[in-house]
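Below is one structure, written out as structure tokens, with a few remarks after it.
The values are calculated or read from the model by the stated rules, or taken from the named source; none is laboratory data. All values derive from a computational prediction rather than experimental measurement. Note: ideal-geometry Cβ built from the backbone for every residue, glycine included; neighbour counts use all protein chains shown.
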């Protein structure tokens, strides 16, 4: 049987994992593809570098075209990351008629439609299971498992670094800065953690999930993003007292074909399955009109979990090649994109205010809510000797985002409010 | 475009859901299959019966052959349940060259290999996503999502009735009999609940999952089964004190290609993701060598969740028909089955004993463990004025099943032990 020849772009953590799995599980893989899978060429940055995994020196090259334009190669597996030159390499590989498997969330979030269109034009497969939530097969679940349903909500813990930080803050009552420093020391956070902690990484993944779930080309710029760098240990403490855990959630919602996508720290009710997802684990909660509530949980990153998804995609390409249907199973987003305005977005909110500790303050505050027709589920007021002022913690009923914006604007003009400490969405 | 014509065997809860989804989501379905899906014939038991969903009277028939041997029909969807005459209908449908989608766990657990072999012979697709865990796409996750990995453990809460009962017992501190009666009144348990509460339903589902996960033809008779009818509120109470929830778990394990499959009440550590799966929800935890820990959570039954899985299978058949590859994607179990002996099965155990309240008792008991080389993680002894005797609660370290059997046998000969109240496996 003619082997399926794979060219690897990149030989870092995930690339090494791919080679390990392809070699270690060869017999089981071949049962499924009907042909052996063979790594035929590997693009590396530095030919001289010492590596954990030894591969034959004929296989490595520092010249990308020896992979991309290699007539022997059937499938290009891209695990080098980044936007350029990676995008150019992938487009050229497709141009050359090669199927592509990629783990690149940045690229798929920003240029997914262009890459998928090129693949369709050239009759090639492009699969990217590993780009979201590492080892969790969430992309094929959205495309195939729920092919019969209408998905109306996707909520994801899709960034392991921030989930690790928030879990630690919750478990240990520790400060954000303290836990971040520890995470950096352990290698769970990068030395420049901006992309993770400011929610950008999660936003890219939500772009991909929302596009697939809603059949609509969601762009990264459609996602409203807020990170966790301002989450305080008070927020987590008060949340717990009220029965909530603070999580960085990506939330994609659809109603009557209008959609909204956001990433923000969110108070998640303890009884909700997302509330108990801790540490570097990821989870994606999917609500379908017919199926109801489902959740998919697993490791969000790591050499072997991510490589599992890459090689599962490779098996799929191999099967399609064997059946002669590669490049024919892609489904393009076919629904016109209609974004919800702030008038159409609604949720519960948690608000923490520092206020003057004197008579009539709560009355003035509740008047503002009342004016904007926002009703309140619970209100707590307590003195805080540390400030020293009073604190007011409010959880609203479901409220229109636009009304909440007006409430917050009016709060800024109220002199009894010294500071709007936190405003979070509430779910579950 | 020529429509995909579907014949329905059965028009109960799930059948009605299938028609609702096919009609309600027609446009989205057609985007994926490339052709409309049309329900062309429906086998019912009683032509005169009043139904919630009206369908044209030309579509219904009481004659199964008008569906199975109908030359117009491409796909037979079996949602009537039972073993006979259902099995004969499905084999005849395949004989006639029709693809089959079924939600029938009993049939697939008992006769899956025969049905899949017939399908392979006739070049037909047989899909059965709805047979396990209703709305959770766990079958395609095992087959495709983890195609690259070697799965070593599957643990499932795959029976909603028993999970409802155990959750209620845990939340309300109520007795088994009391909660069962309530569940029967609410329609969550049948008037004869044997198949659910004695673990038989879960065993059938575990047979299917183990066969797929381990590529080995696991038979129902390979599954050791124990139900929940002897779980007491004391077990649940003591479990909680030690940090465990009692769950009916199906557990399939593989080591060096030797496998074991069982269903039993299990003490699940509170921090394990399965511990917080409550009510009628199902969840399947999958451990793969490369991917590590994953879990898939969702509704285990119900009209629309189950129908979602049936229609997703229908979409898959439709796509395969469009691509001309229907009947070519089946993967037969290819590994020889090797069952673990009790010498090869190991786990932690929880044991509750009623003992004489006098000196030297604990010493005699620990001697038995020591003789069999079973070491203990924790031991609690307390007087129980209600019995009135003492109670001893033991959690072992990992112990060989065969050694535990010997311990229990020796316990029966010890006159200081009045009763071995409970012995449960411990996980997490």
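Take the residues of region A:250-279 that are closer than 28 Å to residue A:339 by Cβ and touching a helix residue (DSSP H, G or I) at 6+ places or on another chain (Cβ under 6 Å): which is surrounded by the most Cβ atoms within 10 Å (Cβ to Cβ)?
So, considering only residues that are closer than 28 Å to residue A:339 by Cβ and touching a helix residue (DSSP H, G or I) at 6+ places or on another chain (Cβ under 6 Å), the one surrounded by the most Cβ atoms within 10 Å (Cβ to Cβ) is A:263.
Somewhere in region A:336-349, is a residue within 14 Å of another protein chain (Cβ to nearest Cβ) and either farther than 26 Å from residue A:427 by Cα or in contact with a strand residue (DSSP E or B) (Cβ under 6 Å, 6 or more places away or on another chain) (or both)? Show your work before the answer.
Pass one, region A:336-349, residues within 14 Å of another protein chain (Cβ to nearest Cβ): A:336.
Checking the rest, the ones that are also either farther than 26 Å from residue A:427 by Cα or in contact with a strand residue (DSSP E or B) (Cβ under 6 Å, 6 or more places away or on another chain) (or both) come to A:336.
Scanning region A:336-349, I find at least one residue that is within 14 Å of another protein chain (Cβ to nearest Cβ) and either farther than 26 Å from residue A:427 by Cα or in contact with a strand residue (DSSP E or B) (Cβ under 6 Å, 6 or more places away or on another chain) (or both), so the answer is yes.
Here are the criteria: (1) under 27 Å from residue B:225 (Cα atoms); (2) surrounded by 15 or more Cβ atoms within 10 Å (Cβ to Cβ). Tell me which single one residue B:419 does not satisfy.
For residue B:419, the failing item is (2).
What number of residues within region B:389-408 satisfy the criterion of being surrounded by fewer than 16 Cβ atoms within 10 Å (Cβ to Cβ) and more than 15 Å from residue B:420 (Cα to Cα)?
3
When you check residue B:368 against the structure, is it touching a strand residue (DSSP E or B) at 6+ places or on another chain (Cβ under 6 Å) and more than 30 Å from residue B:128 (Cβ to Cβ), yes or no?
no
Find all pairs meeting these conditions: Cβ atoms under 6 angstrom apart; at least six residues apart or on different chains; first residue within region A:23-38 and at negative phi and part of a loop (DSSP other than H, G, I, E, B); second residue modelled with pLDDT of 95 or more and crowded, with 18+ Cβ neighbours inside 10 Å.
A:35/A:4
Residue under question is residue A:36, and the condition is that it be closer than 18 Å to residue A:310 by Cα, surrounded by fewer than 22 Cβ atoms within 10 Å (Cβ to Cβ) and touching a strand residue (DSSP E or B) at 6+ places or on another chain (Cβ under 9 Å); does it hold? Working first, answer last.
Working: closer than 18 Å to residue A:310 by Cα: yes; surrounded by fewer than 22 Cβ atoms within 10 Å (Cβ to Cβ): yes; touching a strand residue (DSSP E or B) at 6+ places or on another chain (Cβ under 9 Å): yes.
Yes: the conditions hold for residue A:36.
Given (1) at pLDDT 95 or above; (2) buried (at least 18 other Cβ atoms within 10 Å of the Cβ); (3) under 30 Å from residue B:34 (Cα atoms), where does residue A:339 come up short, assuming only one miss?
Condition (2) is where residue A:339 drops out.
Pull up region B:184-207, narrow it to residues that are without any contact (Cβ under 8 Å) to a residue 40 or more places away in the chain and not in a helix (DSSP H, G or I), then point me to the one that is surrounded by the most Cβ atoms within 10 Å (Cβ to Cβ). If you could, list the steps in order and put the result at the bottom.
The initial filter retains those residues of region B:184-207 that are without any contact (Cβ under 8 Å) to a residue 40 or more places away in the chain, namely B:184-187, B:189-198, B:200.
Narrowing further to those that are not in a helix (DSSP H, G or I): B:187, B:189-193, B:198.
On the way: B:187: 7, B:189: 21, B:190: 13, B:191: 5, B:192: 9, B:193: 19, B:198: 17.
Selected residue: B:189.
I'd like the full set of residues that are surrounded by 24 or more Cβ atoms within 10 Å (Cβ to Cβ), within 15 Å of residue A:12 (Cβ to Cβ) and more than 7 Å from every other protein chain (Cβ to nearest Cβ), limited to region A:285-309.
The one that is surrounded by 24 or more Cβ atoms within 10 Å (Cβ to Cβ), within 15 Å of residue A:12 (Cβ to Cβ) and more than 7 Å from every other protein chain (Cβ to nearest Cβ): A:306.
Filter region B:71-88 down to residues that are within 29 Å of the chain's Cα centre (by Cα) and either surrounded by fewer than 22 Cβ atoms within 10 Å (Cβ to Cβ) or outside the structural domain of residue B:314 (by TED's automatic domain parsing) (or both), then give me how many there are. Can you show your working first?
Start the filter on region B:71-88 by keeping residues that are within 29 Å of the chain's Cα centre (by Cα), which leaves B:75-88.
So of that shortlist, the ones also either surrounded by fewer than 22 Cβ atoms within 10 Å (Cβ to Cβ) or outside the structural domain of residue B:314 (by TED's automatic domain parsing) (or both) come out as B:81-88.
Of the residues in that region, 8 qualify.
Answer yes or no as to whether residue A:73 is free of Cβ contacts under 8 Å to residues at least 40 places away in the same chain and touching a strand residue (DSSP E or B) at 6+ places or on another chain (Cβ under 8 Å). Reasoning before the result, please.
Working: free of Cβ contacts under 8 Å to residues at least 40 places away in the same chain: no; touching a strand residue (DSSP E or B) at 6+ places or on another chain (Cβ under 8 Å): yes.
No: the conditions fail for residue A:73.
Which residues, counting only those in region B:179-228, are within 14 Å of another protein chain (Cβ to nearest Cβ) and at positive phi?
Just the residues of region B:179-228 that are within 14 Å of another protein chain (Cβ to nearest Cβ), to begin with: B:212-216.
Within region B:179-228, B:215 is the sole residue that qualifies.
Of (1) closer than 20 Å to residue B:10 by Cβ; (2) over 12 Å from the mean Cα position of the chain (by Cα); (3) within 14 Å of chain A (Cβ to nearest Cβ), residue B:102 satisfies all except one. Which?
Condition not satisfied by residue B:102: (3).
Looking only at residues that are assigned to a loop (DSSP other than H, G, I, E, B) and without any contact (Cβ under 8 Å) to a residue 24 or more places away in the chain in region B:51-70, which one is surrounded by the most Cβ atoms within 10 Å (Cβ to Cβ)?
First, the residues of region B:51-70 that are assigned to a loop (DSSP other than H, G, I, E, B): B:51-59, B:62-64, B:69-70.
Checking which are without any contact (Cβ under 8 Å) to a residue 24 or more places away in the chain leaves us with B:54, B:56-59, B:62-63.
Numbers: B:54: 7, B:56: 8, B:57: 8, B:58: 8, B:59: 15, B:62: 11, B:63: 10.
Here the answer is B:59.
Going by the conditions given, is residue B:64 out of contact with any strand residue (DSSP E or B) (no Cβ under 8 Å at 6 or more places or on another chain) and more than 14 Å from chain A (Cβ to nearest Cβ)? Explain how you work it out, then say what you get.
Numbers: out of contact with any strand residue (DSSP E or B) (no Cβ under 8 Å at 6 or more places or on another chain): no; more than 14 Å from chain A (Cβ to nearest Cβ): yes.
No: the conditions fail for residue B:64.
Residues in region B:208-221 that are surrounded by fewer than 20 Cβ atoms within 10 Å (Cβ to Cβ) and in a helix (DSSP H, G or I): how many?
Residues flagged as surrounded by fewer than 20 Cβ atoms within 10 Å (Cβ to Cβ) and in a helix (DSSP H, G or I) within region B:208-221 amount to 2.
Check region B:166-173 and report whether any residue there is under 26 Å from residue B:397 (Cβ atoms) and more than 14 Å from every other protein chain (Cβ to nearest Cβ). It would help to see each step written out before you state the result.
First, the residues of region B:166-173 that are under 26 Å from residue B:397 (Cβ atoms): B:166, B:170.
Checking which are more than 14 Å from every other protein chain (Cβ to nearest Cβ) leaves us with B:166.
Taking every residue of region B:166-173 in turn, at least one turns out to be under 26 Å from residue B:397 (Cβ atoms) and more than 14 Å from every other protein chain (Cβ to nearest Cβ).
Would you list the strands (runs of 3 or more DSSP E) that sit entirely within region B:295-403 and hold 3 or more residues that are closer than 30 Å to residue B:137 by Cβ and within 25 Å of the chain's Cα centre (by Cα)? Don't jump to the end; show me each part of the working.
On the way: elements: B:346-355, B:376-384, B:389-396.
Once the strands (runs of 3 or more DSSP E) in region B:295-403 are filtered for at least 3 residues that are closer than 30 Å to residue B:137 by Cβ and within 25 Å of the chain's Cα centre (by Cα), nothing remains.
Go through B:240, B:247 for me and flag whichever is part of a strand (DSSP E or B), in contact with a helix residue (DSSP H, G or I) (Cβ under 9 Å, 6 or more places away or on another chain), more than 14 Å from chain A (Cβ to nearest Cβ) and in contact (Cβ under 8 Å) with a residue 24 or more places away in the chain.
Numbers: B:240 fails: part of a strand (DSSP E or B).
None of the other options fit; the residue is B:247.
Rundown of residues vs (1) buried (at least 21 other Cβ atoms within 10 Å of the Cβ); (2) assigned to a helix (DSSP H, G or I); (3) within 14 Å of chain A (Cβ to nearest Cβ), yes/no style:
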{"residue": "B:109", "(1), (2), (3)": "yes, yes, no"}
{"residue": "B:113", "(1), (2), (3)": "no, yes, no"}
{"residue": "B:118", "(1), (2), (3)": "no, yes, no"}
{"residue": "B:121", "(1), (2), (3)": "no, yes, no"}
{"residue": "B:144", "(1), (2), (3)": "yes, yes, yes"}
{"residue": "B:149", "(1), (2), (3)": "yes, no, yes"}
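Could you check residue B:314 against (1) out of contact with any strand residue (DSSP E or B) (no Cβ under 6 Å at 6 or more places or on another chain); (2) within 9 Å of chain A (Cβ to nearest Cβ) and say which number it fails?
(1)
How many residues are in a loop (DSSP other than H, G, I, E, B) and surrounded by fewer than 17 Cβ atoms within 10 Å (Cβ to Cβ) if we restrict to region B:222-234?
Our first condition is that a residue be in a loop (DSSP other than H, G, I, E, B); within region B:222-234, this holds for B:226-232.
Retained after the next criterion (residues that are surrounded by fewer than 17 Cβ atoms within 10 Å (Cβ to Cβ)): B:229-230, B:232.
Looking only at that region, the number is 3.
Taking region A:151-183, which residues are in a loop (DSSP other than H, G, I, E, B) and buried (at least 18 other Cβ atoms within 10 Å of the Cβ)? Break it down into steps so the answer makes sense when it comes.
Taking region A:151-183 and keeping what is in a loop (DSSP other than H, G, I, E, B), we get A:158-159, A:173-175.
Those that are in a loop (DSSP other than H, G, I, E, B) and buried (at least 18 other Cβ atoms within 10 Å of the Cβ): A:158, A:159.
Considering only residues that are over 20 Å from residue A:336 (Cβ atoms) and in contact with a strand residue (DSSP E or B) (Cβ under 7 Å, 6 or more places away or on another chain), look in region B:19-33 and name the one that is surrounded by the most Cβ atoms within 10 Å (Cβ to Cβ).
Looking only at region B:19-33, we keep the residues that are over 20 Å from residue A:336 (Cβ atoms), and these are B:19-24, B:33.
Still in the running and in contact with a strand residue (DSSP E or B) (Cβ under 7 Å, 6 or more places away or on another chain): B:19, B:22, B:33.
Working: B:19: 20, B:22: 23, B:33: 21.
Top of the filtered list is B:22.
Given the criteria under 31 Å from the mean Cα position of the chain (by Cα) and either more than 27 Å from residue B:150 (Cβ to Cβ) or outside the structural domain of residue A:308 (by TED's automatic domain parsing) (or both), does residue A:21 qualify? Even if it seems obvious, please write down each step before you answer.
Numbers: under 31 Å from the mean Cα position of the chain (by Cα): yes; either more than 27 Å from residue B:150 (Cβ to Cβ) or outside the structural domain of residue A:308 (by TED's automatic domain parsing) (or both): no.
So residue A:21 fails the test.
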